[in-house]
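Step one of this worksheet: look at the structure below.
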Amino acid sequence: LIASDWERHSLIADLRGSFTGYEATFPPTASGPSPVPTSIDAPTFNGKITGRVDAARDTRINTELRMRVFTDNPGSPNIQAGLAQYPLATNIGGTAGVEHDFNRLTVSVAGLADRTTYQQSKLTDGSTFTNDDRNFNQFGGLGRVSYDLMPGLKPFGEFSADTRLHDVKSDRSGYQRDSTGGYVKAGSSFEFSRLLTGEAAIGYSQRTYQDPRLTDMKGLLTSASLIWTATGLTTVRFDATSSIDETTLPGVSGVISRDYSLQVDHAFRRWLIGTAKVGTGTSDYDGTRFDRRYFVEGDLVYKLSRTFQIKGQVRHDWLNSSAIGASSAATVVMLGIRVQR
């Protein structure tokens with residue numbers, strides 16, 4: 001995490017990467033290929049660089065560059081049987097926009113562009129399978145109006161529209177998955193004496209597909225990122241996200257995902273920080289399949305000095321799916337060293 005310390009303008013880089021490895025493997029059996037890859041080890045990366053140029057006293061130019069490297073989750077219906085490992089997916093994008101204050105009213109507009117690509121799938125028999133039909137570009141616009149109602153309370157309304165264009169006109173099952181969509185939502189940002197900061201909103205999202213055989217995806221949209229400083233030693237964080245994502249299931253338009261998490265951080269001593277985190281989420285595949293996710297996590301950070309810290313983590317994940325054989329459970333235990341300057 002790198003942040004500028006300038007009187008005007010701002011530049012913040014937040015780059016996070018990890019690799020998760022599992023002791024178990026799932027090789028093919030006499031009855032056929034495993035429903036999950038032989039190796040489910042996977043790296044992840046999530047990077048974001050945001051910049052703000054103070055063009056005038058009441059006008060700001062906001063920019064963002066982002067990159068995410070990820071894989072499908074274990075049990076996902078979007079992966080083939082007989083995989084040697086998960087194909088990596090990469091999302092690269094950017095945002096540029098202008099924000100202006102009209103006294104207590106703030107108006108902002110921005111343009112967005114993203115590209116998502118998938119590696120070829122490597123199968124246990126040594127062959128490969130293309131995922132070009134999952135690659136797509138997304139272009140859109142975003143508008144937001146907020147009003148400084150009172151100190152610490154700033155309600156807003158936001159809307160977005162976008163289009164997704166796939167590299168391949170028809171996917172592996174013959175469906176044309178180009179689409180247009182968007183959302184509207186309303187909420188408020190909070191900053192009450194630093195005790196409660198962040199924002200929360202609720203709205204509605206809809207996506208329409210080019211193929212007439214695919215029905216519209218629509219549903220409730222929730223988003224939140226709130227931090228409550230309960231005491232000088234304890235903070236509580238609540239996060240909520242919603243999205244309409246792509247899928248390769250024949251006849252299924254997409255998947256509506258919703259995730260919620262609650263995290264409590266407590267400083268037992270200045271050099272000993274404990275974290276407890278719980279979360280749940282759902283994925284609805286257009287009524288044909290429903291997945292529910294849960295996780296619990298505990299972290300402990302021991303600060304050896306201002307520079308070096310020891311961190312331990314225990315996490316358990318559950319996936320309960322309506323699809324037979326797709327449910328799973330995983331336990332991750334990690335011990336590492338954090339270097340901070």
(message) Among Pro28, Leu233, Ala3, which residue has its Cα furthest toward the positive end of the charge dipole of the chain, with +1 on Lys/Arg Cβ and -1 on Asp/Glu Cβ?
(response) Leu233
(message) What is the distance in Å between the Cα centroid of segment 36-96 and that of segment 156-181?
(response) 18
(request) Please identify which residues in segment 129-168 have an amide N closer than 16 Å to a label point set 7 Å out from the Cα of Ser188, following the Cα→Cβ vector. (result) 146-158
(message) Looking at the chain as a GNM with Cα springs under 10 Å, which of Trp271, Trp318, Trp228 has the largest mean-square fluctuation?
(response) Trp271
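Of Arg292, Arg57, which has the most accessible area with a 1.4 Å probe, and how do the rest follow in descending order? Each step should come with its number before you reach the end.
Details: Arg292 90, Arg57 205 Å².
Largest accessible area first, the list is Arg57, Arg292.
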(request) Give me the aspartates and glutamates in straight-line cross-link reach of Lys277: C-alpha distance below 19 Å, same-chain residues under 8 apart excluded. (result) Asp239, Asp259, Asp265, Glu297, Asp299, Asp317
(request) Mind ranking Leu83, Leu153 by accessible surface for me, highest first, 1.4 Å probe? (result) Leu153, Leu83
(request) Filter the trypsin sites (Lys or Arg not before Pro) in segment 105-181 to those in DSSP coil with at most 15 other Cβ atoms within 10 Å of their Cβ, and list the result. (result) Lys169, Arg172
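Given the C-alpha atoms of segment 3-46, compute the convex hull and give its volume per residue in Å³.
59
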(request) Quote the relative contact order of the chain in percent (integer), defining contacts as alpha-carbon pairs under 8 Å separated by 6+ residues. (result) 8
(message) If DNA, RNA and ligands are ignored and the probe is 1.4 Å, what is the ranking of Leu15, Leu221 by accessible area, most exposed first?
(response) Leu15, Leu221
(request) Note down the net charge around Arg237, summing +1 for each Lys or Arg and -1 for each Asp or Glu among other residues with Cβ under 11 Å from its Cβ. (result) -1
(message) Under 8 Å for C-alpha pairs, at least 6 residues apart: give me the relative contact order for segment 68-153, rounded to a whole percent.
(response) 27
(request) Evaluate segment 176-239: find the radius of gyration of its Cα atoms, find its Kirkwood radius, and give the ratio Rg to Rh. (result) 1.26
(request) Could you tally the net charge around Asp299, taking each other residue with its Cβ under 10 Å from the Cβ of Asp299, Lys/Arg +1 and Asp/Glu -1? (result) +1
(request) Work out the length of the dipole vector of segment 133-204 about its Cα centre, built from +1 on the beta-carbon of each Lys and Arg and -1 on the beta-carbon of each Asp and Glu, and round it to the nearest 20 debye. (result) 100
(request) Evaluate 2.2 N^0.38 Å with N set to the residue count of the chain, then give the Cα radius of gyration divided by it. (result) 1.09
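The values are calculated or read from the model by the stated rules, or taken from the named source; none is laboratory data. Remember, predicted model here, so these are calculated numbers, not experimental data. Every residue, glycine among them, receives a Cβ derived from its backbone with ideal geometry; neighbour counts consider all protein chains shown. Please note that ligands, DNA and RNA were not included when accessible areas were found on the heavy atoms of the full protein model with its side chains. Shrake-Rupley method; radii C 1.70, N 1.55, O 1.52, S 1.80 Å.
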